[in-house]
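Taking it in order: structure first as structure tokens, then the write-up.
The values are calculated or read from the model by the stated rules, or taken from the named source; none is laboratory data. Being a predicted model, the structure only gives us computed values, none of them experimental. Neighbour counts are summed over all protein chains in view; Cβ atoms, including those assigned to glycine, are modelled from backbone coordinates with ideal geometry. Protein only, heavy atoms only, side chains kept; ligands, DNA and RNA dropped before computing areas. Shrake-Rupley method; radii C 1.70, N 1.55, O 1.52, S 1.80 Å.
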Amino acid sequence: MSQRKSDPSRILRFTNLKLASWKNFKAADVRLGERTFIIGPNASGKSNLLEVFRFLHDLAADGGGLAKAVALREGMSKVRSLHATSNSAVNITVEMLSACGEKWTYALTFDTLSAKSEQVLVSSETVLKDGQVVLQRPDQHDRIDSDRLRQTAIEQVSSNKLFRHLADFFRSIRFMNAVPQLIREGQISPGGYPGADPLGRDLLQHIRAAPKGERTRRLKAIARVLTRVVPDFRDLRLEQDEQGKPHLVVGFAHWRSQAARQRESQFSDGTLRLIAMLWSLQEAAGPLLLEEPEWSLHTEIVQRLAAFIASMQALSGGRQVLISTHSDRMLADPGIAADELLLITPAPKGGSMITPAARQAIIAKAMQQGLSAAETALPMTRMHTMPLFGRPA
Amino acid sequence: MVFAEGFLDRLAAERLVLAVGSTVEGTSSDAGGRDAFWRTIPRYNAAAPHLGLILALADHDSRECVGPRLKATLPHHHANLILRLSVPMLEAWLLADRTALAGFLHVPVAALPDDPDAVEHPKREVVNIARRSTRRQIREGMAPAPGRGGLCGPLYTPTVEAFIASAWDPLRAAKRSPSLHRALRALRTATRSAT
Ligand SMILES: Nc1ncnc2c1ncn2[C@@H]1O[C@H](COP(=O)(O)OP(=O)(O)O)[C@@H](O)[C@H]1O
Ligand SMILES: [Mg+2]
């Protein structure tokens, strides 16, 4: 069901996100491009921002829905911002652009029935296509039967005919934070379909499930990357053992100094995480969320990571990627543009706010001179007083 | 030992060591930025008597005069520390290998400047030259898409890395760049007296 074929001209990407009262963001309004780096110190809210997209996924997922998506996050008290004025409703508004130029907007506001209740209800739900209203709730049916407000239209296959591809799109969002040990253990798609597991337990199965030509092409592209960062690396292949279990096998040139061939059980944590990431980036699929991809990787790799991501994206035909990071090494790459950076900084009245780097005149100017995001934007996120910021450009 | 301001500076510094017929012994690392480089360099200087030759490479950066900064950062400069600055930045040294860079970027040789040390912003120059490439991959990788708010395209670093590793000849480039010529001469002298 999640593998439903979608019309390619309808392939979407997020272009804008607005939030109200979401986790530690009282409000936000940011543009999103093909590649976005979310940067900020620990506990600033990078994960909370990625969490919005995971929430949209869970809303549309098979067996998901509003109640489930909120419950997975331990209820409204954890989802709603503690910094918002008392008990304000949570709002998520996303704008999307399709390959054929259609502009879609999805806006959802939800709240509990009362301060004490845990029952989550849709306060309003809107779908716009090129500015025209496709859905506007609550509608007359909701007024007759208010129980309907327990569900979003996105999660109801019967009522979302006109915008079902939005639900498909949300469902295609992937979060990735592969755990090397779990990749090694391997498992058949714990999420129900290949590539569903954020922890990467089904990675090997997933690679095997790809059509042969596609698989070979992608493994070759990964091999080209590994050649540059792993000494003696020669080739990367997928093989099956006697039990039919798939394995990644790497060949090395100088077999005298080490085993000529290694299976994934012998790869370093970083290498496995890198392979998982590079594989996913090449898939022509929905937005990919990468949580601190620098983790457990060598400096040599981290310094090249932003460019690896860009080149793999190009191979996938431009899969949208959102990356949370606080790696100065990755952000030292001059190939990262100001408009790819979202800075998470402390908000004046508690919580955090999201500032696009391109809107900071100082950062934009410095980056135009060739200074890197690590030298310009990253230090800004460490400052704790807003007056230190330049005026918006 | 090599210590450089940035990632590409480090790769270039390694090539310089090879170009004078020496080999990189010990670690090769970079500071990941200008401030970090100048913050760290005194520590390398202090350790220099025990570490052997250290080639330290950073951008001169014409926007400020480095003389006073050097004096303040390194009042006692140890002979083992060969601190060289590319004028005004590494990309000038790359531009100086005209034929190689033109071939690598697929642009006519005439698109490259005659006097790279005099180019105001060599990095921007490299990007602008790459815009003229006959290869779409190079144009789109090296130059930012319009309105991106940056100087370089997303594949600037790996493209320049590949150039430094596979095509750039520091000796040939030194004929056109006085600052590179001086750097190689200092490095050659130091490696000779060290052996
Ligand atoms: N509902 C909420 N209201 C306000 N703050 C919240 C809420 N939920 C989480 N937080 C805060 O968000 C912070 C964690 O953010 P997180 O996204 O995990 O940070 P990062 O990924 O940048 O390290 C914590 O300080 C936590 O207190
Ligand atoms: Mg986090």
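Placing +1 on each Lys and Arg Cβ and -1 on each Asp and Glu Cβ, with no other charges, gives chain B a dipole about its Cα centre of roughly 160 debye. The label point for B:A47 and the one for A:K212, both projected 7 Å from the Cα toward the Cβ, are 5.3 nm apart.
Measuring nothing but how far apart in sequence close Cα pairs (under 8 Å, 6+ apart) lie, relative to its length, chain A scores a relative contact order of 18 percent. Averaged over its residues, the protein assembly as shown has an accessible area of 44 Å² per residue, based on protein heavy atoms and a 1.4 Å probe.
Comparing A:L278, A:A253, B:V20 along the charge dipole axis of the protein assembly as shown, the residue lying farthest to the positive side is B:V20, per the Cβ-charge model.
Ranking A:I39, A:L56, A:W22 by Cα position along the charge dipole of the range A:21-65, where only Lys, Arg, Asp and Glu carry charges on their C-beta atoms, puts A:I39 farthest toward the positive end.
The charge dipole of chain A, taken about its Cα centre with unit charges on the Cβ atoms of Lys, Arg (+1), Asp and Glu (-1) only, comes to about 400 debye.
Summary of the geometry: the range A:24-57 and the range A:83-141, compared by the centres of their Cα atoms, lie 18 Å apart.
Seen from all directions on average, chain B presents a Cα convex hull projection of 10.7 nm². Alpha-carbon geometry of the range B:93-171: the Rg and the Dmax are 11.7, 38 Å, given in that order. Assign one of three labels to chain A, namely rounded, prolate or oblate, based on the Cα gyration tensor with a ≥ b ≥ c the square roots of its eigenvalues; rounded applies when a/c is under 1.5, prolate when it is not and a/b is larger than b/c, and oblate otherwise. It comes out oblate by the Cα gyration axes.
Between the range B:42-84 and the range B:9-30, the C-alpha centres lie 16 angstrom from each other. Note on chain A: antiparallel DSSP beta bridges, both residues inside, total approximately 75 percent of the bridges counted. Note on chain A: with a GNM built from Cα contacts shorter than 10 Å, the maximum mean-square fluctuation among A:S158, A:S316, A:S352 falls on A:S158.
About the centre of its Cα atoms, the range A:218-307 shows a dipole size close to 420 debye [charges on the beta carbon of Lys, Arg (+1) and Asp, Glu (-1) only; nearest 20 debye]. Sequence-distant contacts, meaning Cα pairs under 8 Å at least 6 residues apart, place the relative contact order of the range B:93-171 at 30 percent. The residue among B:P116, B:A79, B:M89 whose Cα reaches farthest toward the positive pole of the charge dipole of the range B:43-143, with charges on the beta-carbon of Lys, Arg, Asp and Glu, is B:M89.
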